[in-house]
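Everything below concerns the one structure shown next.
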Amino acid sequence: MKRVFKVVLLAFFSLAMTGCVTVTGTPREDNVVYQDTAPVGADHRLSNTVSVGEVAGFTGTSVISMTGNTNPNLSNKEFKDYLEHSLVNANLYGSGYILEANLLENNDWSAWGVSLGNKNRNIIVEYTLKNSNDEVVFNEVILGDGEVTNRNFFRPYHLVEREAAEKGYRNNIANLIEALKAL
């Protein structure tokens, strides 16, 4: 009898806990960091002069469904790290100017849904670049298109969303770097 009770209790907890963990994960660095194929030269105005200051609004990801934060999102620290790596790749990272980033919209998907067809996670970030006198020299809201197409019914929902988020973050950073290079 005691053994049956343990088996029933174990089965109950197993069923109860299956909804508490979701197959998800934060966007991966290799898929977010922008690899600039034409970095700026030493004669560019911003060459090796941009550091990253305050980064705000990036919520991060939890694998526990009950937190309500299972969407694949970067945290403030992760986005700052990926942005710095991208600036290094473009020969823009250094000291002199401070770049701030504020996430305005990350277009999270709902907690449940169908991931078939064309889906997107457009990432919208406001960037502000200040010089050493704290004067704003660049302020722009930048959109990163995160559209993906999924034709695999069995592909986990949050993994499709992660792919779209990675593309949105990468394209956002790429658009920022191209705008900085145009200054």
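Read-outs throughout are calculated quantities, based only on the coordinates presented, and are distinct from any laboratory measurement. This one's a predicted model, so the numbers in the text were calculated from it and none came from an experiment. As a convention, Cβ positions derive from the backbone with ideal geometry for all residues, glycine included, and neighbour counts pool all protein chains shown.
Listing for the model above:
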{"read-out": "Exposure proxy ranking, count of Cβ atoms within 10 Å, fewest first, for GLU126, GLU163", "value": "GLU126, GLU163"}
{"read-out": "From phi via Karplus (6.51, -1.76, 1.60), per-residue ³J(HN,Hα) for the stretch 128-143 in Hz, x at Gly/Pro", "value": "10, 10, 10, 7, 5, 8, 6, 8, 6, 10, 7, 8, 8, 8, 10, 9"}
{"read-out": "Packing-based exposure ordering (other Cβ within 10 Å, fewest first) of ARG170, ARG121, ARG3, ARG28", "value": "ARG3, ARG28, ARG170, ARG121"}
{"read-out": "Neighbour-count order for HIS158, HIS44, fewest beta carbons within 10 angstrom listed first", "value": "HIS44, HIS158"}
